[in-house]
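Notes follow the structure.
Since every read-out is calculated from the coordinates, none of them should be taken as a lab result. Only a predicted model underlies this, so the values are computations on that prediction, with no experimental measurement involved. Every residue, glycine as well, gets a Cβ built from its backbone with ideal geometry; the counts of neighbours run over all protein chains shown.
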Amino acid sequence: ENCGSKDEKLKNTLSKIKHKLVVLSGKGGVGKSTVATNIAVSLSLAGKKVGLLDVDVHGPSVPRLLSLKGEHPHVEKDYMEPIQWSPNLWVMSLGFMIPSDKDAVIWRGPVKMGLIRQFIEDVAWGDLDFLVVDCPPGTGDEPMSAMQLLGKDAQAVIVTTPQGVAVDDVRRSVTFCHQLGNPILGIVENMGGFVCPKCGEVVDIFPPGGGEDLAREMNVNFLGRIPIDPEVVRAGDEGYVYVKVHHESEAAKAMGRIIKPI
Ligand code: ADP
């Protein structure tokens, strides 16, 4: 049972965070972590104070994407310091707490919920313009806990790919948000089109407009389309941030446009 003072602590932490964005996807491999990380970095480069929280217990990707593997947050009696990645981007990941990649993590729902709660309220996030939360795919314990703890003003950003099979996954994510009563900021179509490495033009692979049609059908905003760029894969593998290094590319511009740095 949570006592009153614990709820106070959570409320206090959340009151200092202006916008809470929870990045969801129906299934793995659609680029959710890549999009969450690049959104967070884009916003920070636009001068916003940003927190990036990775609540993927089983496969945290943020430490790898930001070259922060092996970092350990400084822990005090009643708070933890997030890892500072740049002057205005702070990062927390369950990956910082797991001794090694090879350690299989078998935690049940209530344990995960407790951990996620700690990662929100016990982290000294300070005043933030945005907290971007990267959840594991699907609609399981982690996204559910994250949404419930962050409160009804936490907005979902749903990442999908243009293939037809993604429709049902998106529908599940949309229903999930409706059931929890959380607003959906919109849908992002990732890997729509391919940036030709020779000329830089975007070539369609799947029929264009799928994500947009889907958003319209589900009565949800369409936040934009990010093309496939092989440099995104390389950036992820080598641990540098795509939008920071390739800011002139189509995909980086698309990533930068997803969330308006209000
Ligand atoms: P998820 O979090 O949905 O499981 P990831 O963010 O780990 O997905 O991305 C899966 C793979 O797709 C990674 O290798 C990543 O580099 C690649 N990827 C993601 N977005 C793009 C893109 N727009 N262009 C090219 N590759 C991408």
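Between the exposed loop cleavage positions of the chain, defined as GluC sites (Glu not before Pro) in a non-H, G, I, E, B DSSP state with at most 12 neighbouring beta-carbon atoms within 10 angstrom, the longest gap is 77-200.
Modelled this way, with points 7 Å down the Cα-to-C-beta line, the labels at residue 244 and residue 124 are 2.2 nm from one another. Taking only C-alpha pairs under 8 Å that are 6+ residues apart, what is the relative contact order of the chain in percent? It rounds to 25 percent for the chain. Remark: 112, 69, 260, 198 ranked as 198, 260, 69, 112, counting other beta-carbon atoms within 10 Å and listing the fewest first.
Quick check: the distance between the Cα centres of region 203-262 and region 160-189, to the nearest angstrom? If you average the Cα positions of each part, the centres end up 16 Å apart.
For the chain, hydrophobic long helices are taken as DSSP H runs at least 20 Å long by C-alpha position along their axis with mean Kyte-Doolittle hydropathy of -1.0 or more; these are 166-180. Full extension of the chain segment joining residue 179 with residue 233 gains 16.0 nm, where the gain is 0.36 nm per residue of separation less the Cα-Cα distance. Taking other Cβ atoms within 10 Å as a rough exposure proxy, 177, 196 sort from fewest to most as 196, 177. Computed over the chain, the per-residue total of -39500 (n - 2.57) for DSSP H runs of n ≥ 4 gives a 222 nm mean residue ellipticity of -11000 deg cm²/dmol, rounded to 500. Our estimate of slack between residue 213 and residue 69, defined as 0.36 nm per intervening residue step minus the Cα-Cα distance, is 48.0 nm.
Candidate cross-link partners of residue 32 among the lysines, defined by an alpha-carbon separation under 23 Å and a same-chain spacing of 8 or more, comprise 18, 20, 48, 49, 69, 102, 112, 152, 244, 253, 260.
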